[in-house]
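Visitor: If you scroll down you'll find the structure; I have some questions about it.
None of the figures in this text is laboratory data; all of them are computed from the coordinates on show. This structure is a prediction, so every number in the text was calculated from the model and none was measured. As a convention, Cβ positions derive from the backbone with ideal geometry for all residues, glycine included, and neighbour counts pool all protein chains shown.
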Amino acid sequence: MLEPEQLRDLEAAVFRRLITHLDENKDAQNIDLMILAGFCRNCLSKWYMAEAEKQGADIDIEQAQEAVYGMPYSSWKKKYQKPATKEQLNALAARG
């Protein structure tokens, strides 16, 4: 059984590993993540901001996005985000 601090540290390490994995796989577009898993980097940013708020931290969406994307979202979007295809949009719509 893990102590509460160990559990927190473990969960934090897993989160950092997920962020690193997403950063190393920029070809996995947000729309693909939404189609397959129902969440994307933007969702993680919103969850990050919401959890920070619950803990009394003043983090805005831009700060949360930078924590997830490793750079300002606008920069990431220009550099890595591709336009969604009709097939992707249809698959996302079908997911409901």
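Visitor: Considering only residues that are assigned to a helix (DSSP H, G or I) and either buried (at least 17 other Cβ atoms within 10 Å of the Cβ) or over 14 Å from the mean Cα position of the chain (by Cα) (or both), which ones fall in the range 67-82?
Guide: 68, 69, 73, 74, 75, 76, 78, 79, 80 - these are the residues of the range 67-82 that are assigned to a helix (DSSP H, G or I) and either buried (at least 17 other Cβ atoms within 10 Å of the Cβ) or over 14 Å from the mean Cα position of the chain (by Cα) (or both).
Visitor: While we're looking at this one, here's another question. Could you list, in sequence order, the residues of the range 79-96 that are of a type in the set (S, T, N, Q) and in contact (Cβ under 8 Å) with a residue 40 or more places away in the chain?
Guide: 81, 88
Visitor: Shifting gears a bit: Report every pair of residues separated by at least 6 positions or lying on different chains whose Cβ atoms are under 6 Å apart, first residue within the range 56-78 and farther than 20 Å from residue 18 by Cα, second surrounded by 13 or more Cβ atoms within 10 Å (Cβ to Cβ).
Guide: Qualifying pairs under 6 Å: 59/49; 59/52.
Visitor: Select the helices (runs of 4 or more DSSP H) contained entirely in the range 1-66, then report the ones holding at least 2 residues which are basic (Lys, Arg) and surrounded by fewer than 11 Cβ atoms within 10 Å (Cβ to Cβ).
Guide: In the range 1-66, 4-24 are the helices (runs of 4 or more DSSP H) which contain 2 or more residues that are basic (Lys, Arg) and surrounded by fewer than 11 Cβ atoms within 10 Å (Cβ to Cβ).
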